[in-house]
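**Q** One structure follows; several queries about it will come next.
The values are calculated or read from the model by the stated rules, or taken from the named source; none is laboratory data. This is a predicted model, so every value here is computed, not measured. Note that each Cβ is placed from the backbone with ideal geometry, even for glycine, and that neighbours are counted across all protein chains shown. These accessible areas exclude ligands, DNA and RNA; they are computed on the full protein's heavy atoms, side chains included. Shrake-Rupley method; radii C 1.70, N 1.55, O 1.52, S 1.80 Å.
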Amino acid sequence: MFLAIIAMSICSVCYANEMMNSGFETDEENWYNWNDQATTGIITTEYKYSGEKAACRQIEGLGQGCYGQQIPVNPGEIVKASAWVMSPDTKALSSGAEAFVRLEFWGSAGPLSSGHKESEHIRGATAWKKLEVNGKVPAGATEARVLGYARGAAGSAGEACFDDFDVTIEKGN
């Protein structure tokens, strides 16, 4: 009985994973694929953490791009986001290229200048690694954007792959 009470109290604080198609098993469904013309986003079966597919960003030179989802939020809530990220040995991120999980907060007028957070950045060849980022939803925010993000620098190249995103939201005070 005691464990049931604890489980119910935990469930009243957190929501289940808010991401849809978190492992790209139905390709880009529920995701937006943004780039600035210098990166390419692909769905692959070659590299995956689990399941059959993952999403990768191919970087060449000075560029950036991401896969992302928008999630409704309320000011004061705590958003916890994570994903598994890697860069293969044969296509390692090089010369300033990096990948990370990014959390942005947006309001009705666009991106808010406060509250954006980034996980640890990976560089070079990296085995699958869970990257995590947390942030408190600032006043005026109506959505969080959870991004698998990659960017390069002049002369950089490589590929970064993302799989199994997870997002939970804790009620604010």
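**Q** So, of the residues in the range 110-129 that are touching a residue at least 24 places away in the same chain (Cβ under 8 Å) and exposed (fewer than 14 other Cβ atoms within 10 Å of the Cβ), which turns out to be nearest to G68 (Cα to Cα)?
**A** S114
**Q** Moving to a separate point now. Would you call A141 touching a residue at least 12 places away in the same chain (Cβ under 8 Å), under 23 Å from A54 (Cα atoms) and open to solvent by less than 50 Å² (accessible area, probe 1.4 Å)?
**A** No: the conditions fail for A141.
**Q** Continuing with the same structure: Quick one: is Q70 open to solvent by 70 Å² or more (accessible area, probe 1.4 Å) and either modelled with pLDDT under 95 or more than 11 Å from E159 (Cβ to Cβ) (or both)?
**A** Numbers: open to solvent by 70 Å² or more (accessible area, probe 1.4 Å): yes; either modelled with pLDDT under 95 or more than 11 Å from E159 (Cβ to Cβ) (or both): yes.
For Q70, the condition - open to solvent by 70 Å² or more (accessible area, probe 1.4 Å) and either modelled with pLDDT under 95 or more than 11 Å from E159 (Cβ to Cβ) (or both) - is met.
**Q** In this structure, is E132 in contact with an Asp or Glu (Cβ under 9 Å, 6 or more places away or on another chain) and either among the hydroxyl-bearing types (S, T, Y) or crowded, with 17+ Cβ neighbours inside 10 Å (or both)?
**A** no
**Q** Scan E46, E60, E98 and give me the residue that is open to solvent by less than 40 Å² (accessible area, probe 1.4 Å), acidic (D, E), over 20 Å from M20 (Cα atoms) and out of contact with any helix residue (DSSP H, G or I) (no Cβ under 9 Å at 6 or more places or on another chain). First the steps, then the outcome.
**A** Working: E46 fails: open to solvent by less than 40 Å² (accessible area, probe 1.4 Å); E60 fails: open to solvent by less than 40 Å² (accessible area, probe 1.4 Å).
E98 is the lone residue from the list that is open to solvent by less than 40 Å² (accessible area, probe 1.4 Å), acidic (D, E), over 20 Å from M20 (Cα atoms) and out of contact with any helix residue (DSSP H, G or I) (no Cβ under 9 Å at 6 or more places or on another chain).
**Q** Hey, can you tell me all the residues within the range 154-173 that are of a type in the set (A, V, I, L, M), open to solvent by less than 30 Å² (accessible area, probe 1.4 Å) and over 27 Å from V73 (Cα atoms)?
**A** Matches in the range 154-173: A160 only.
**Q** Taking only pairs six or more apart or across chains, which ones have beta-carbon atoms under 7 Å, a first residue in the range 45-60 that is touching a residue at least 12 places away in the same chain (Cβ under 8 Å) and over 24 Å from G96 (Cα atoms), and a second residue that is part of a loop (DSSP other than H, G, I, E, B) and β-branched (V, I, T)?
**A** Listed by first residue and then by second, the contacts come to E52/T45; K53/T45.
**Q** Further question on the same structure: Any idea how many residues of the range 24-43 are among the β-branched types (V, I, T), within 18 Å of R151 (Cα to Cα) and either without any contact (Cβ under 8 Å) to a residue 60 or more places away in the chain or open to solvent by 70 Å² or more (accessible area, probe 1.4 Å) (or both)?
**A** Looking only at the range 24-43, we keep the residues that are among the β-branched types (V, I, T), and these are 26, 39-40, 42-43.
Now restrict to residues that are within 18 Å of R151 (Cα to Cα): 39-40, 42-43.
This time we only want the ones that are either without any contact (Cβ under 8 Å) to a residue 60 or more places away in the chain or open to solvent by 70 Å² or more (accessible area, probe 1.4 Å) (or both), so: 40, 42-43.
Here the count works out to 3.
**Q** Anything in the range 74-89 that is open to solvent by 10 Å² or more (accessible area, probe 1.4 Å) and of a type in the set (A, V, I, L, M)? List them, or say none.
**A** Selection gives I78, M86.
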